[in-house]
Amino acid sequence: MPLRYLDRLQPLALLILRVVLGVIMIGHGYSKVFGGLPEHVHHVSNLGLPGWLAYLSAGAEFFGGMLVIAGLFTRIASLAILINMSVAIWKVHWKNGLLGQNGYQFPLSLAAIAFALILFGAGPIALDGVRRGGGARAKKD
């Protein structure tokens, strides 16, 4: 197949997915963790969920985003992000439709990226490989 050479770019593709997801999640979590946590607790409580879930949500966004970028505990961090985005779709965005004002297309896209990272892992350009005693070179065996 003529495009078979693109398979060699899979590590780069996983890195790009991680960086995009991580930067977006850090951006959303930063405002909550550093100053907006009381408002987030109030918002989560108004959705009919326990207020303490706001702390988990903010942590999943901010710290999960950092872990995903670093490629450290990527599958666990991506699972936390996937759950966070699923709840956001269910409790906040679903009623607005896929493409409506404040629709669920954006959190659905983030959830899809998180799901892909759960399935494929961080790839060889990540700290997960180093943590397991390998790294990028160990993946070439």
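Scan the range 24-46 for residues that are loosely packed, with under 13 Cβ neighbours inside 10 Å and under 22 Å from ILE76 (Cβ atoms) and jot them down. Once the filter is applied, which keeps residues that are loosely packed, with under 13 Cβ neighbours inside 10 Å and under 22 Å from ILE76 (Cβ atoms), the range 24-46 yields only GLY27. Of all residues in the range 43-76, those satisfying the criterion of being on the phi < 0 side of the Ramachandran plot and of a type in the set (Gly, Ala, Ser) are SER45, GLY51, ALA54, SER57, ALA58, GLY59, ALA60, GLY64, GLY65, ALA70.
A quick yes/no check of all residues on (1) modelled with pLDDT of 95 or more; (2) closer than 15 Å to ALA70 by Cα; (3) of a type in the set (Asp, Glu); (4) out of contact with any Leu (no Cβ under 8 Å at 6 or more places or on another chain):
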{"residue": "LYS91", "(1), (2), (3), (4)": "yes, no, no, no"}
{"residue": "GLN101", "(1), (2), (3), (4)": "no, no, no, yes"}
{"residue": "GLN105", "(1), (2), (3), (4)": "yes, no, no, no"}
{"residue": "ALA112", "(1), (2), (3), (4)": "yes, no, no, yes"}
{"residue": "PHE115", "(1), (2), (3), (4)": "yes, no, no, no"}
{"residue": "LEU119", "(1), (2), (3), (4)": "yes, no, no, yes"}
{"residue": "GLY129", "(1), (2), (3), (4)": "no, yes, no, yes"}
{"residue": "ARG132", "(1), (2), (3), (4)": "no, yes, no, yes"}
{"residue": "ARG137", "(1), (2), (3), (4)": "no, no, no, yes"}
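The set of residues in the range 45-62 that are more than 30 Å from ALA13 (Cα to Cα), assigned to a helix (DSSP H, G or I) and among the small types (Gly, Ala, Ser) comprises SER45, ALA54. Cβ separations smaller than 8 Å between residues 6+ apart or across chains give the following pairs from the range 87-100 residues that are closer than 17 Å to TYR55 by Cβ to residues that are assigned to a helix (DSSP H, G or I) and hydroxyl-bearing (Ser, Thr, Tyr): VAL87/SER57.
Filtered by the rule that a residue be farther than 14 Å from GLY121 by Cα and either surrounded by 17 or more Cβ atoms within 10 Å (Cβ to Cβ) or at pLDDT below 95 (or both), the range 65-79 gives a lone residue, GLY65. Consider the range 63-122 and keep the residues that are among the polar types (S, T, N, Q) and assigned to a loop (DSSP other than H, G, I, E, B). The one that is farthest from GLN10 (Cα to Cα) is GLN101.
The values are calculated or read from the model by the stated rules, or taken from the named source; none is laboratory data. Everything numeric here is computed off the predicted structure, so don't read it as measured data. Note: ideal-geometry Cβ built from the backbone for every residue, glycine included; neighbour counts use all protein chains shown.
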